[in-house]
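Only one structure is covered here, and it is reproduced in the block below.
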Amino acid sequence: MRFSQFEDPFKYLQPEMTFAQDLARSYYAEIPLHWNEGESSADEVDFSHVTLDISFCDELLDTAYADFRQFLSVMQIKVDGFGKKIVVRQGQTECFEAYVIRVERDGCEVIAADTEGIRRALVYLEDEMHRRSGARLPLGEIKRRPFIRERISRCYFTPASNVAVEERENELADDIDYYHDEYLNRLAHDGVNALWLGATLRYLVKSDIVP
């Protein structure tokens, strides 16, 4: 079998990655057009004034809670001790990343057995309000679980791993921040829960015995 390798004619003619600047911006930067216009329907609850009651504390959730508070701030949802309660607590669910959301007239309860279930639930709340163009949620109980367990992504501009050995780079070996916080936040909102990092084995597992 004959093997041929050709140079990509467009390798050095790629446009500037201006979209990288967009991905570095805050996920929530401005309030959407027509936000909170109109009244809530009979099967919706208004959450334009809330109280956060978070009992599920874990450092793995710091970024998820920060994102949710940023969402509330940008969407001009008032947060103090007098609004409808949004309770976030740990509880039994059917599998990893599963969560339960219960919405009643006096507030909302978010339940998950693990940190990633809580993360997915908070994203769901944000998305549901976006779908309804306002700080409102549907009455009732929502139960969700992952259909695909591992949802893997790769950075859009990491060094190629399929080039000649002498040109190959490791994205863990330089000072470029390929996965800055806001980019990771966007991946989380898109449901990504794992990253594919490219690196050569001899860099990851250095050995004097087997150089």
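Considering (1) farther than 15 Å from Ser55 by Cβ; (2) surrounded by fewer than 19 Cβ atoms within 10 Å (Cβ to Cβ), the lone condition that Arg119 does not fulfil carries the number (2). Assessment of the range 13-34 against the conditions (surrounded by 10 or more Cβ atoms within 10 Å (Cβ to Cβ) and at positive phi) yields no matching residue.
Residues checked against (1) among the small types (Gly, Ala, Ser); (2) more than 19 Å from the chain's Cα centre (by Cα):
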site	(1), (2)
Lys78	no, yes
Glu94	no, yes
Ile101	no, no
Glu109	no, yes
Leu122	no, no
Gly140	yes, yes
Cys155	no, no
Tyr178	no, no
Asp181	no, no
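Of all residues assigned to the range 50-66, at least one qualifies as being surrounded by 12 or more Cβ atoms within 10 Å (Cβ to Cβ) and over 28 Å from Asn193 (Cα atoms).
If you take the residues of the range 1-27 that are part of a loop (DSSP other than H, G, I, E, B) and among the hydrophobic types (A, V, I, L, M, F, W, C), which of them is modelled with the lowest pLDDT? Step by step, filter the range 1-27, then rank; the result is Met1. Looking only at the range 80-109, residues that are surrounded by fewer than 14 Cβ atoms within 10 Å (Cβ to Cβ) and either touching a Phe, Trp or Tyr at 6+ places or on another chain (Cβ under 6 Å) or within 21 Å of Asn185 (Cβ to Cβ) (or both) come to 1 in all.
Of the strands (runs of 3 or more DSSP E) lying entirely inside the range 83-194, those carrying at least 3 residues that are in contact (Cβ under 8 Å) with a residue 60 or more places away in the chain are 136-138.
The values are calculated or read from the model by the stated rules, or taken from the named source; none is laboratory data. The model shown is predicted, which means the values in this text are computed figures rather than measured ones. For neighbour counting, all protein chains shown are included, and Cβ atoms are generated from backbone atoms with ideal geometry for every residue, glycine included.
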